[in-house]
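These notes concern the structure reproduced below.
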């Protein structure tokens, strides 16, 4: 019994991490039609930046937010300098993000060298607590909570604010949004910053669980893709659902069928893409 | 046997019927014009005939054969050809290269991957003949991107004729042409032999009305008037649809 | 004559090992040839077919793993193992093609990525068969026609022979009626269908051929390294070969070769002088995507013809 509870909680924790990672990806993909292949790299860079701040004694939560902010700035620069110049050429934009992923990954290797580094979590969430008959790391419970808070915050942003309405309009019908006067260019930059910030923040929060190491970006990017394809591009609700589903599939897959873990992970993505070929941008506000 | 028979053809997009229970017949060798105000569903109808769209209900009989669920290329193999409202040529290739592609479409040659295409002089000569028919032989070596809009329209028609079709669908062949270009295309269309049946969508009334033997008027996806020119022009519903629109 | 430049290039390539002298550089040249075949295979899909794939490493990987496994575990001779590996990979490409072609554009990109990840995951985790992270090692190079290719120079000539045949066949393919149909389908699929072309079939056949040539590169790859590991199937590898094609010039014959040379040389030679060669590669790639989107080969050709026709 303990096994199932532990693994289910692990699944939720992983789901939480995946949500923070993929929400940004989904927003960017849904609004700008760009599959941001450097998203995993932003996640990794955020983790490294957070690590450096932690090593200097900065409080964990401040480090996480600061890392998110730093990556947001980087994302904004990338969007303005590179992606905006390629407006309208989706494939070129995707390729550009691929090149940027290479650049960031190598820069991380350069600055922080190749050894995997564990991040120590915040003191407030150290240790394990009894949960439904087993002991479970408090930090992972914390992650579930943080992800829920972020999900709520994003939901409020997208549903209840003006900028959220603009995002929804843009995801729905970009030409129409332009026609009614929504400042699409500025919106693109803002959303790209937001998405990148979430990736960076997610990297730090994931740090105590996943550590940070070269190759983390290539490990995380496909997971973000699976979540978003499963849950529907541009849909926050879909990202929540997809993250939880993938969290469970990955955790239990790893525990029960380790040889086929990756097959089980990517098979749903293939099935969705194959079964709904027109479904990549199947329309969804939230 | 008719060239084309549509029976109860229906197509909706999100609840809105773009084609609403259309039934009509095109006789062999006929020249049919389809008109109607913007949004009447003319291009949707063409797409249903050519196979670019699948109908929700109804049948499409091409020379007596049911083709409603066949792919566009399968319908082309059965003698259907069409031009598009927007130019869909290959801009970086020369005119003759464009026509060669059209000629190859119905030939088993198109699957050959073990010899070059450039060596097939016979194909290139045949392509030049087709260009001759539309009066563009002198531009054969010119790239499509470098010729005028009117000439591009004629290449579109040439591509369709190269397929030696039995039924030809022309989607606004005169759109955007100058008066002189229109006359050239008109002469071209009139010179097409009677073993090819033609259905045309057009907005340019003078040219089209002169060309057509029978006219079908569409409105909100339905056929509302059908008959020869005199009948359609005099019909009160025609006036209503055009003046009211 | 049209073939003069090709023959000259072939002669130059044949003379290369003698000019290079040092065994290290000859091996590097072999690596370039293998990467060039790999990039050419992807170019059939990306450049000529207009289908951008991020899962092409799968074909090199499966070709390599199959060859190694059949030789090491089943004891097949190199001819049998190589032929079987090519067959297996080509069949796999056929199956994958059916799945991937359910989508186009970004959807196609995603499916190929996912399919590639599935195979990478198998290579990584199915330790019993693939050796997991350690891979399969101990594969000896074959002796085609009795010639020992264990040495750097003989292997180079072996790779050159395969490359020359691959290049010639791909060139023939691209210039054939089928090649014209493929490029037509890339540019105006709707028009092609209206002309009677079965666009799906054209794309599927190309997908299978791309997989076949990828497998050829894989067989050479595993014989060059005497070893295969999951890294060869990774997303990074698929990204790298895509980079080679785009940077060199998609939809050209020599573009992928130039791109392959660029990446391999940067990886090995430049890295001795410039530590951050990947970073440099990334920057070069982004610059090419932004300013020379057709790639280096067409870009240079354009500059050259502009220079020649200067007033």
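Here are a few things to note about the model shown:
- The alpha carbon gyration tensor of region A:237-279 gives principal lengths a ≥ b ≥ c with a/c of 1.5 or higher and a/b no greater than b/c, which makes the shape oblate.
- Contact order for chain C, expressed relative to its length and based on alpha carbon pairs under 8 Å spaced 6+ residues apart, stands at 32 percent.
- Reported value for region B:86-164: 91 Å³ per residue, from the convex hull of its C-alpha atoms.
- Computed on the Cα trace of region A:181-286, the radius of gyration divided by the Kirkwood hydrodynamic radius gives Rg/Rh = 1.01.
- FRET efficiency for residue A:89 and residue A:153, using Cβ-Cβ distance with R0 set to 41 Å, rounded to 0.05: 0.80
- Full-extension gain in nm, residue C:74 to residue C:87, via 0.36 nm per residue minus C-alpha separation: 3.1 nm
- Of interest is the spacing of the C-alpha centroids, which for region C:173-211 and region B:1-49 amounts to 30 Å.
- Look at B:215, A:28 and count the other Cβ atoms within 10 Å of each Cβ; fewest to most, that gives B:215, A:28.
- Inter-chain shielding of A:86-99 (mean C-beta neighbours from other protein chains, 10 Å cut-off): 5
- Each distinct pair of alpha carbons in region B:1-120 adds a 1/r term; the inverse of their mean, the Kirkwood radius, is 16.4 Å.
- Among C:128, C:151, C:94: highest mean-square fluctuation, GNM of chain C, C-alpha pairs under 10 Å: C:128
- Here region C:109-256 is treated as an ellipsoid with the same Cα gyration tensor; its semi-axes, largest first and in whole Å, are 32, 22, 13.
- Put simply, chain B fits an ellipsoid with semi-axes of 32, 21, 15 Å; these come from the alpha carbon gyration tensor as the roots of five times its eigenvalues, largest first.
- For chain A, built as a Gaussian network whose Cα springs stay under 10 Å, the top-fluctuating residue of A:47, A:123, A:177: A:123
- Rounded to the nearest whole angstrom, the semi-axes of the ellipsoid equivalent to region C:3-308, taken from the Cα gyration tensor as √(5λ), stand at 28, 25, 19, largest first.
- Per-residue average of Cβ from other chains inside 10 Å of C:178-185: 6
- Cα centroid of region C:59-127 to Cα centroid of region A:203-234, whole Å: 25
- Pair residue C:287, residue A:160: separation of 7 Å Cα→Cβ label points (nm): 4.9
- The listed peptides A:91-100, C:35-44, ordered by packing as a protection proxy, come out as C:35-44, A:91-100 (highest mean of other Cβ atoms within 10 Å first).
- 10 Å Cβ neighbours from other chains, averaged over peptide A:33-40: 2
- C-alpha long axis of helix A:90-112 to longest principal axis of chain A, angle in °: 40
- Ranked by the mean number of other Cβ atoms within 10 Å per residue, highest first, peptides C:207-218, B:153-164, A:126-137 order as C:207-218, B:153-164, A:126-137.
- Label-zone membership for region C:1-37, site residue B:121, 7 angstrom Cα→C-beta point, backbone N under 20 Å: C:1-3
- All Cα-Cα distances of region C:1-153, cut into 10 Å bins from zero to the largest, leave 9, 29, 32, 24, 6, 0 percent in each bin in turn.
- Estimated purely from DSSP H runs of n ≥ 4, each contributing -39500 (n - 2.57), the mean residue ellipticity at 222 nm for the protein assembly as shown is -20000 deg cm²/dmol once divided by its residues.
- Spin-label zone in region A:175-212 - amide nitrogen under 20 Å from a point set 7 Å from the Cα of residue A:65 along the C-beta vector: A:193-208
- Note on residue B:54 and residue A:172: with the Förster distance fixed at 22 Å, the Cβ-Cβ geometry gives a FRET efficiency of about 0.25.
- Contact order for chain B, expressed relative to its length and based on alpha carbon pairs under 8 Å spaced 6+ residues apart, stands at 28 percent.
- Simple spin-label estimate for residue C:14 and residue A:271 in nanometres, 7 Å along Cα-Cβ: 5.6
- If you run the Gaussian network model on chain C, springs between alpha carbon atoms under 10 Å, then out of C:170, C:286, C:265 the most flexible one is C:286.
- If you sort the three axes of the alpha carbon gyration tensor as a ≥ b ≥ c, you get a/c of 1.5 or more for region B:77-117 and a/b no higher than b/c, which makes it oblate.
- Stokes-Einstein, applied to the Kirkwood radius of region B:126-198 over Cα pairs at a viscosity of 1.306 mPa s and 10 °C, places its translational diffusion at 126 µm² s⁻¹.
- Rounded Å value of the spacing that divides the Cα centres of region B:179-209 and region A:5-19: 68
- Percent of C-alpha pairs per 10 Å bin, the protein assembly as shown, short to long: 2, 11, 19, 21, 19, 15, 8, 3, 1, 0
- Alpha-carbon Rg/Rh ratio, for region C:207-311, with Rh computed the Kirkwood way: 1.04
- Rel. contact order, % - alpha carbon contacts under 8 angstrom, at least six apart, chain A: 38
- Per-selection metrics, region A:2-281 (Cα): Rg and Dmax in Å: 18.3, 58
- Taking the fewest neighbouring Cβ atoms within 10 Å as the starting point, the ordered list for C:3, C:197, A:250 is C:3, A:250, C:197.
- R0 of 25 Å, Cβ-Cβ distance residue C:165-residue C:301: FRET efficiency to nearest 0.05: 0.45
- Share of Cα-Cα pairs in region A:87-200 lying beyond 23 Å, as whole percent: 57
- With a simple spin-label model that places each label point 7 Å from the Cα along the Cα-to-Cβ direction, the separation between residue B:233 and residue A:211 comes to 8.6 nm.
Only the coordinates and a few stated rules stand behind these numbers; no lab work does. Only a predicted model underlies this, so the values are computations on that prediction, with no experimental measurement involved. Cβ sites come from the backbone with ideal geometry, for glycine too, and all protein chains shown count toward neighbours.
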